[in-house]
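*Asks:* One structure is given below, represented as structure tokens, and several questions about it will come after.
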Amino acid sequence: MNEPIPGNLLFNSLRDKDAIILASNIRIPAGLLEGLFRAAKNLDSAIIFEIARSECNIGRGYTGMVPNEYAEAVKMAAEEVDFDVWALHADHITLKEGSPKDIAETEKLVEAQIDAGFTSFAIDASYLFNHQGGNVREELARNIDVTTELAKHIESRMRGRPFGLEVEVGEIGKKDFQGQVVTTPEEAVTFVRALNENDVYPQVLAIANGASHGNVYDTHGNMMEQVSIDIPQTKAVARALRENYLDVRIAQHGITGTPRELIKRVFPRGDIIKGNVATFWQNLVLNTYKVYQPELYQDIYNWTLETYRSKDPEISDKELFGKNVKYAVGEFRERIDDVDEETVDAIEALSYGECLMFLNAFGSKGTASIVRKML
Ligand SMILES: [Zn+2]
């Protein structure tokens, strides 16, 4: 059996190991799941499959999948490829209000994820930042309270089974009048320490460090590489966590636009232990459709522009498409699930190669064996 293993086992056995675990959100499963699992197996790399609340939830989310459908698709691919060292992670369980209603709805989502077999969870209450707070602790108070409440709920619903826990202190991609907002070492330490005081022990922390989710564009509307991640600040946050004896390292979000050679050269492996890649895989599928499924691609393209043009009249077609095409995934779910074998084969082959490159850049080779010793 190749069931998902607890996320904390991956994070704890690979902490400070000079490697980053690839965590991929697979909005369009056919071909991608097998391609990524085969690459992980080939390089003996631990790997995470994840999906965010906005992408997949009880009401289906924008991919059109419920948690159980996603979980089953990933488990089936694991079985087909026969690979064992992987976790199923609930990415961005986002709470934007933190109200009793918001928390109750989130608890229902988490229960559906647990029933589906998720073994790791990312609570994201980073929006609940109090700008009027007198000090860092006060600014983070609501994030701390809501994260604690939900973490306790997950713990009780897991009934003693181990699980991974990621928490988020700084909103990813947040901007103010001076540009990107970045998380300080003091914020990270204050946040994790407060959670520990509440008996909540995350293994990974998402911080704001200059990265943005999804495709990024220049002022002319052309897609560009993302080189905005603040490496010194990221290292400083990790150092502060280490110096305060907190067993938490960093989850890097928003990697899609970052060139692999840059990742390999400058990403601090061991400080960053989880690297999230989502939109990259969606781009790969859409680029394949251009050749193999031109009609489907054209329909997706037209639908996206027609649906979102009025919301953003200023930007170029390219940018409007790149930023909103994710919402077409659920809309076209049936036709996407129906594409022929030849298309799926091409997606699998391409994603296998691209995944090898990510795993190489992340230093992941051999990490599965390290985790396997702890099983
Ligand atoms: Zn993210």
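The values are calculated or read from the model by the stated rules, or taken from the named source; none is laboratory data. Keep in mind that this is a model prediction, so the values were computed, not measured. Neighbour counts are summed over all protein chains in view; Cβ atoms, including those assigned to glycine, are modelled from backbone coordinates with ideal geometry.
*Asks:* Would you mind telling me which numbered condition in (1) farther than 21 Å from residue 274 by Cα; (2) within 19 Å of the chain's Cα centre (by Cα); (3) more than 16 Å from the ligand (Cβ to nearest atom) residue 117 fails?
*Replies:* Tallying (1) farther than 21 Å from residue 274 by Cα; (2) within 19 Å of the chain's Cα centre (by Cα); (3) more than 16 Å from the ligand (Cβ to nearest atom), residue 117 fails exactly one: (1).
*Asks:* Consider residue 60 against the criteria (1) more than 28 Å from residue 269 (Cα to Cα); (2) at pLDDT 95 or above; (3) not in a helix (DSSP H, G or I): it satisfies all of them except one. Which criterion is unmet?
*Replies:* Single failed check for residue 60: (2).
*Asks:* I'd like the full set of residues that are assigned to a loop (DSSP other than H, G, I, E, B) and more than 15 Å from the ligand (Cβ to nearest atom), limited to the stretch 265-299. Give the derivation first.
*Replies:* Step one: list which residues in the stretch 265-299 are assigned to a loop (DSSP other than H, G, I, E, B), which gives 267-268, 270-271, 278, 293.
Across the stretch 265-299, the qualifying residues are 267, 268, 270, 271, 293.
*Asks:* Restricting attention to the stretch 242-264, and to residues there that are crowded, with 21+ Cβ neighbours inside 10 Å and more than 17 Å from residue 225 (Cβ to Cβ), which single residue is nearest to the ligand (Cβ to nearest atom)?
*Replies:* Only one residue fits best here, namely 251.
*Asks:* Could you run through the stretch 224-264 and say how many residues are part of a loop (DSSP other than H, G, I, E, B) and touching a residue at least 40 places away in the same chain (Cβ under 8 Å)?
*Replies:* 12
*Asks:* In the stretch 219-233, which residue that is modelled with pLDDT under 85 and touching a strand residue (DSSP E or B) at 6+ places or on another chain (Cβ under 9 Å) is nearest to the ligand (Cβ to nearest atom)?
*Replies:* So the residue we want is 226.
*Asks:* Ok, one more. Among 54, 45, 24, which is part of a loop (DSSP other than H, G, I, E, B), closer than 19 Å to residue 256 by Cα and hydroxyl-bearing (Ser, Thr, Tyr)?
*Replies:* 54 is the lone residue from the list that is part of a loop (DSSP other than H, G, I, E, B), closer than 19 Å to residue 256 by Cα and hydroxyl-bearing (Ser, Thr, Tyr).
*Asks:* Has the stretch 103-116 got any residue that is in a strand (DSSP E or B), more than 25 Å from residue 44 (Cα to Cα) and of a type in the set (A, V, I, L, M, F, W, C)?
*Replies:* Checked against the condition, which is being in a strand (DSSP E or B), more than 25 Å from residue 44 (Cα to Cα) and of a type in the set (A, V, I, L, M, F, W, C), the stretch 103-116 yields no hits at all.
*Asks:* Residues that are within 16 Å of the ligand (Cβ to nearest atom) and without any contact (Cβ under 8 Å) to a residue 40 or more places away in the chain: does the stretch 180-197 have at least one?
*Replies:* yes
*Asks:* Need the failing condition index for residue 362 against (1) in contact with a helix residue (DSSP H, G or I) (Cβ under 8 Å, 6 or more places away or on another chain); (2) crowded, with 16+ Cβ neighbours inside 10 Å; (3) within 26 Å of residue 292 (Cα to Cα); (4) of a type outside the set (S, T, N, Q), just the number.
*Replies:* (3)
*Asks:* Quick one: what pairs do we get from the stretch 27-49, first residue of a type in the set (Asp, Glu), second crowded, with 24+ Cβ neighbours inside 10 Å, C-beta under 7 Å, 6+ apart or different chains?
*Replies:* Pairs that qualify, where the first residue is of a type in the set (Asp, Glu) and the partner is crowded, with 24+ Cβ neighbours inside 10 Å, are 34/77.
*Asks:* Here is a follow-up. Within the stretch 135-152, is there a residue that is outside any helix (DSSP H, G or I) and within 16 Å of the ligand (Cβ to nearest atom)?
*Replies:* Of the stretch 135-152, the ones outside any helix (DSSP H, G or I) are 135.
Then drop every residue that is not within 16 Å of the ligand (Cβ to nearest atom), which leaves none.
Looking through the stretch 135-152, none of the residues is outside any helix (DSSP H, G or I) and within 16 Å of the ligand (Cβ to nearest atom).
*Asks:* Checking the condition among the polar types (S, T, N, Q) and more than 14 Å from the ligand (Cβ to nearest atom), which residue from 94, 106 passes?
*Replies:* Among 94, 106, only 106 is among the polar types (S, T, N, Q) and more than 14 Å from the ligand (Cβ to nearest atom).
*Asks:* For residue 319, indicate whether it is acidic (Asp, Glu) and crowded, with 17+ Cβ neighbours inside 10 Å.
*Replies:* yes
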